[in-house]
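What follows draws every value from the coordinates through simple rules; no lab data is involved. Worth saying up front: this structure is predicted, and the values here are computed from it rather than measured. Neighbour counts are summed over all protein chains in view; Cβ atoms, including those assigned to glycine, are modelled from backbone coordinates with ideal geometry.
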Amino acid sequence: MPLAGPGMTIRVVLADDQALLRKGFRMILEAEEDLVVVGEAADGHDAVRLVTLYAPDVVLMDIRMPELDGIEATRAISALDVGTRVLVLTTFDLDEYAFSALRAGASGFLLKDVPPNELTQAIRTVASGDAVVSPRITRRLLEEYVDRFPDPDAGAQAEAVLAQLSDREREVLLAVADGLSNAEIAERLFVSEATVKSHVGKMLSKLGLRDRVQAVVLAYQRGLVHPS
């Protein structure tokens with residue numbers, strides 16, 4: 001499925017076990033010309049079912065729901081490989097559940113009390129193929145929780161991952177994992193931002209990753225970088 005671009009309608013599924021919250025989110029989203037809610041889910045099973053039916057651009061996913069929680073629903077949706085991106089909702093910015101959702105394939109997370117304009121912009125950002133959690137915040141999450149999710153094959157997997165990348169792409173991956181922006185990477189490597197953007201795109205493509213946040217997660221999971 002192609003990513004949503006300028007002038008395109010972004011199709012959204014709302015997944016939250018509280019009907020009042022879903023109603024509020026629907027009112028906010030449908031006040032925007034380019035956003036349309038195609039379905040509502042009261043639990044994770046419903047969310048996966050709706051993604052199977054409609055292949056929406058974005059699922060706005062509550063993490064803590066009955067039957068199937070948002071983390072497992074995110075993992076199931078990622079496995080469907082229909083191009084749907086997941087934006088999870090949480091209560092705290094440093095939250096083990098948020099970290100688990102990123103590991104499961106989410107493209108970012110938002111606090112539940114996010115202002116309406118930030119919510120709508122985040123959905124647009126995720127639909128366009130980017131992530132809404134800065135790599136620096138992701139790194140804080142990883143440094144807080146990565147030791148709880150050890151990967152016994154990290155060393156061997158790290159070598160396999162790195163073997164796919166050129167030396168410059170490896171440098172870019174490590175810089176992204178350090179939480180640097182394109183401008184900061186360009187300054188570090190003495191190249192232009194356009195060159196960095198190109199390297200980032202190639203690196204993500206080779207590794208089969210959706211966005212920079214997923215690159216940070218991979219770097220920590222595979223032992224390419226370690227908590228400070």
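Let's test the formula: R0 of 30 Å, r as the Cβ-Cβ distance of Ser198 and Ala163. What FRET efficiency results, to the nearest 0.05? Could the numbers behind the result be given before it?
Values: r = 21 Å, r/R0 = 0.69.
It comes to 0.90.
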Study note, to complete from the structure: With 0.36 nm assigned to each residue of separation and the Cα-Cα distance removed, Leu80 to Met27 gains 16.2 nm
**Study point:** Dimensions in Å of the stretch 10-133 - Rg and Dmax from alpha carbons
**Key:** 12.5, 35
Exercise for review: Just grab the label-to-label distance for Met8 and Ala183, each label 7 Å out from Cα along the Cβ direction, in nm (one decimal).
Suggested key: 2.8 nm
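Normalised by the residues of the stretch 10-133, what does the relative contact order come to in percent, with Cα pairs under 8 Å and at least six apart? The partial results should precede the final answer.
Working: 239 pairs, mean separation 27.7, N = 124.
Relative contact order for the stretch 10-133 comes out at 22 percent.
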